[in-house]
Amino acid sequence: MDAIGAAAEATGFDPEKVRSFLSRNPHVLHQDPELLGELGLRMVTQGNVVEFGPAALARVHEAHRREKHARQSLEATAQANFAAQAQTHGAVVDLLDSRNHADLARRVDELARVRFGLTAGVVALEGPERTPAGWYTLPEGGVDQVIGHQRVGLMGFQPTAIGLFGQHAAQIASMAMVRLAIWDPARIGILAFGSDDPEGFTPDMGNELVAFLARVVERTAERWPVMP
């Protein structure tokens, strides 16, 4: 039973009789503006044509507004993704131009601040072996303490990572971090970016672009050995 049939059974009226009555007596609607208004219709005086009234037009307008908002959101997301990818490609070129490990660390921090508007970028490496100049030194097992055991990366805020950012630590409200593995045998490290915006990096964000930059840092760093 459809909704009209259910309503008819509940109220005791016959929809076919109502429809037949209105067909034979259209003046019942034509002469009752209040009823037309309740139905979301109004009478156009020229030609006795019934058309959409304010209520119906309001519904159409709201549907159009929602569609426009959804389209604008999709366009904004696409533009943001395109801009992020363009900046990432530029960052790769900058990293590949590095002259040594210290210059690589400097460029990571510079691209974080200049290209991505972040607070800092850091390359960290576990000890006890020597760490390149400009890189942050972590104790053995430090990567697991910062990111979490066996985790590849982390987006959001992690209190154990604050120390990575040195003089900028007090400003950091969210981080993006990806595990590094450099040289053979591999030494474990972290590529980390810090933002002063709590919403700059959140757990629901993907880390694909950060992971891509981490792979570029690994390959670039392997050009030069770490001197004993």
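In a DSSP loop and with at most 12 other Cβ atoms within 10 Å, the GluC sites (Glu not before Pro) in the stretch 144-228 are Glu199, Glu222. Between Gln145 and Gln167, the modelled labels are 2.5 nm apart [label points 7 Å from Cα along Cα→Cβ].
Can you list the residues, at least 5 places off or on another chain, whose amide H is less than 5 Å from the amide H of Leu118, using H built in the peptide plane? When sequence neighbours closer than 5 places are left aside, the close amide H contacts are Arg113.
Listed highest first by mean packing, meaning other Cβ atoms within 10 Å per residue, what order do 93-99, 181-187, 15-21, 170-176 come in?
On the way: 93-99: 14.1, 181-187: 12.1, 15-21: 10.4, 170-176: 19.4.
In descending order of packing, they fall as 170-176, 93-99, 181-187, 15-21.
Residues within the reach of a label modelled at Val226 (point 7 angstrom out along Cα to beta-carbon, backbone nitrogen below 11 Å), restricted to the stretch 110-131, are 124-131.
Remark on Phe157: its backbone amide H falls under 5 Å from those of Met175, a criterion applied only to residues 5 or more positions apart or on other chains, H modelled at 1.01 Å from N. Modelled spin labels at Ala133 and Asp184, positioned 7 Å past Cα toward Cβ, are 2.9 nm from each other. A Cβ-based charge dipole, computed about the Cα centre of the stretch 98-221 with Lys and Arg at +1 and Asp and Glu at -1, lands at about 360 debye.
Once the Cα-Cα distance is subtracted from the 0.36 nm per residue extended length, the Val93 to Asp204 segment shows a gain of 37.1 nm. Rg/Rh, computed from the Cα trace of the stretch 98-221 with Rh as the Kirkwood radius, has the value 0.92.
Taking amide H as placed 1.01 Å from N in the peptide plane, the amide H of Leu138 sits under 5 Å from that of Leu125, Glu126, Gly127, each at least 5 places away or on another chain.
Working note: Karplus 6.51/-1.76/1.60 with θ = phi - 60° gives the stretch 88-105 the couplings 5, 4, x, 5, 4, 4, 4, 5, 5, 7, 4, 9, 6, 4, 5, 5, 4, 4 Hz, where Gly and Pro are set to x.
Could you compute Rg(Cα) / (2.2 N^0.38 Å) for the stretch 142-212, with N its residue count?
On the way: Rg = 11.9 Å, N = 71, 2.2 N^0.38 = 11.1 Å.
With N residues counted in the stretch 142-212, Rg over 2.2 N^0.38 Å equals 1.07.
In order along the stretch 122-138, the phi-based Karplus estimate (6.51 cos²θ - 1.76 cosθ + 1.60, θ = phi - 60°) of 3J(HN,Hα) comes to 9, 10, 10, 9, 6, x, x, 5, 4, 9, x, 4, x, 9, 7, 9, 10 Hz; Gly and Pro are listed as x.
Coordinate-derived values only; no laboratory data. Model, not experiment: these values are computed from the prediction. Note that each Cβ is placed from the backbone with ideal geometry, even for glycine, and that neighbours are counted across all protein chains shown.
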